[in-house]
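**Student:** Here it is: the structure, laid out below.
The values are calculated or read from the model by the stated rules, or taken from the named source; none is laboratory data. Note that the structure is a prediction, hence the values are computed from the model and not measured. Please note: Cβ atoms are built from the backbone with ideal geometry, for glycine as well, and neighbour counts cover all protein chains shown. The area values use the complete protein model at the heavy-atom level, side chains included, leaving out ligands, DNA and RNA. Shrake-Rupley method; radii C 1.70, N 1.55, O 1.52, S 1.80 Å.
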Amino acid sequence: MAIDFSGKTAIISGAAGGIGFALSKELASQGMNILMADIDEATLNASVESLIADGLSAKAARLDVTDYAQWESVVAQAKEAFGAVHMVVNNAGVGGIPGKIEETNHDTFRWVVDVNMMGVLFGTQAATPAIKEAGGGWIINVASMAGMGGVPYSVAYSATKAAVVSMTESWAQELKKDNIWVSALCPAFVKTRIHESLRTMQPKYKSEKPLGNPETLKKGFGAAAALVESGISSELLAQRVIEALNNKQTYIFTHPNYRDSVQMRAQFLDKAFEDAENSPLVAHLKDDEIVSL
Ligand SMILES: NC(=O)c1ccc[n+]([C@@H]2O[C@H](COP(=O)([O-])OP(=O)(O)OC[C@H]3O[C@@H](n4cnc5c(N)ncnc54)[C@H](O)[C@@H]3O)[C@@H](O)[C@H]2O)c1
């Protein structure tokens with residue numbers, strides 16, 4: 001039976017545009033109240049107004065996901081406006097800067113870690129007590145296919161997305177007893193402005209050092225723009241999320257055409273176990289019981 005979302009409340013980060021906006025609209029159309037949060041206040045306000053003009057229930061809150069105090073305030077604002085919180089969608093994310101290891105800028109790497117990884121921790125930590133209070137609900141972490149294996153020249157992005165998948169797996173086990181369903185949304189390319197993420201970089205991450213090699217940057221950003229442009233629509237993705245929640249899916253995949261590449265990684269990992277089984281040094285551990293705490 002389809003989940004009845006009506007009258008429930010979701011907080012969605014990065015809701016001003018792209019995937020966050022599409023999810024806000026889809027979930028609001030299912031009858032939810034949406035606390036739409038974003039660092040880009042002007043775009044956010046226009047987006048919230050467009051939902052309200054469509055007769056949907058939405059409210060705006062300025063949020064930089066790298067600031068825990070702001071997350072606490074957003075959760076309080078959602079409770080105040082709508083009475084309770086049943087869902088958080090940790091969607092805000094940035095694409096990072098393409099580059100080789102020698103060119104990697106520490107300040108911009110930290111920006112990607114803070115937004116894509118710490119932002120997800122902060123959102124989950126701030127919202128979980130409220131979702132527990134409401135008797136349960138959902139935490140949806142927006143990861144990426146890039147979290148299913150390291151992507152060359154896009155290290156901060158793929159590393160943080162792998163972390164989001166891992167955090168989701170940990171919390172899914174921890175919070176099941178509290179009736180909280182935790183999912184990782186792992187799309188491949190979606191038509192949004194992710195390749196223009198530098199537009200929202202906070203001053204605290206602006207570097208005195210070059211962002212990278214101009215040639216590599218030009219090539220990398222150009223390739224990213226073309227890939228994003230080839231992607232699916234964020235509206236289709238939002239419908240797929242509802243379908244996956246109705247079917248209690250922990251990993252929400254949107255691009256079945258990536259199956260072979262993920263399976264290839266699984267095969268490499270399986271081969272690594274085979275290599276260990278064949279190693280005279282560690283083969284004797286094969287049938288040892290796994291100690292669990
Ligand atoms: N577009 C894709 O191809 C794709 C693929 C896989 C995963 N994703 C993920 O989807 C999520 C949404 O990205 P999108 O594609 O819609 O990109 P987008 O750039 O169109 O939207 C991102 C939104 O996040 C907001 N944001 C950025 N930094 C923020 C911060 N510090 N605090 C609060 N809000 C902030 C931006 O203002 C923007 O509204 C990201 O986590 C991204 O990594 C995107």
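**Student:** Considering the options 168, 34, 91, tell which one lies farthest towards the positive end of the dipole of the range 9-257, charges being +1 on Lys and Arg and -1 on Asp and Glu at the Cβ, about the Cα centre.
**Tutor:** 168
**Student:** At R0 = 51 Å, how high is the FRET efficiency between residue 178 and residue 209 if r is their beta carbon distance? Nearest 0.05 is fine.
**Tutor:** On the way: r = 44 Å, r/R0 = 0.87.
About 0.70, to the nearest 0.05.
**Student:** Among 189, 290, 66, which residue has its Cα positioned farthest towards the positive end of the charge dipole of the chain, with +1 placed on the Cβ of Lys and Arg, -1 on the Cβ of Asp and Glu, and the dipole taken about the Cα centre?
**Tutor:** The residue sitting farthest along the positive end of the dipole is 189.
**Student:** Also, quick follow-up: Mind ranking 251, 157, 258 by accessible surface for me, highest first, 1.4 Å probe? Display every interim value, and only then the final one.
**Tutor:** Values: 251 105, 157 45, 258 70 Å².
Highest to lowest solvent-accessible surface, that is 251, 258, 157.
**Student:** Leaving ligands and nucleic acids out of the surface, order 219, 100, 248, 161 by accessible area at 1.4 Å, largest first.
**Tutor:** Working: 219 160, 100 95, 248 130, 161 10 Å².
Highest to lowest solvent-accessible surface, that is 219, 248, 100, 161.
**Student:** Keeping all protein chains in place and using 1.4 angstrom, which order do 117, 87, 145 fall into by accessible surface area, from largest down? Don't skip to the end; give the middle numbers.
**Tutor:** Numbers: 117 65, 87 0, 145 25 Å².
These residues rank, largest area first, as 117, 145, 87.
**Student:** Mind checking the per residue accessible area of the chain for me, 1.4 Å probe, whole number of Å²? Show your work: numbers first, answer last.
**Tutor:** On the way: 15420 Å² over 293 residues.
Accessible area per residue: 53 Å².
**Student:** Just to be sure I follow the definition: excluding the sites themselves, where is the longest run in the chain that has none of the GluC sites (Glu not before Pro) in a DSSP loop with at most 15 other Cβ atoms within 10 Å?
**Tutor:** The longest uninterrupted stretch comes out as 1-207.
**Student:** Once neighbouring chains are kept in place and the probe is 1.4 Å, which whole percent of the accessible area of the range 9-257 is contributed by carbon and sulfur?
**Tutor:** Numbers: 6000 of 11110 Å².
It is 54 percent, rounded to a whole number.
**Student:** When the chain is fully extended, how far beyond the present Cα-Cα distance does residue 284 get from residue 45, taking 0.36 nm per residue of separation? Let's see the in-between values first.
**Tutor:** Details: separation 239, 0.36 × 239 = 86.04 nm, distance 6.23 nm.
So the extension gain works out to 79.8 nm.
**Student:** Could you grab the Rg to Rh ratio for the range 49-171? Cα atoms only, Kirkwood for Rh. Please list the in-between numbers first.
**Tutor:** Numbers: Rg = 16.2 Å, Rh = 15.7 Å.
Taking Rg over the Kirkwood Rh, I get 1.04.
**Student:** Further question: Across the range 178-183, in residue order, what do the Karplus-derived ³J(HN,Hα) couplings come to in whole Hz, using 6.51 cos²θ - 1.76 cosθ + 1.60 with θ = phi - 60° and x for Gly and Pro?
**Tutor:** Once θ is set to phi - 60°, the couplings for the range 178-183 become 9, 6, 10, 8, 10, 10 Hz.
**Student:** With just the Cα atoms of the range 9-257, tell me how far they stretch along each of the three principal axes, in Å, largest first.
**Tutor:** 51, 35, 31
**Student:** OK, next. With every protein chain present, what accessible area does residue 114 have (1.4 Å probe, heavy atoms only), rounded to the nearest 10 Å²?
**Tutor:** So the heavy atoms of residue 114 present about 40 Å² to solvent.
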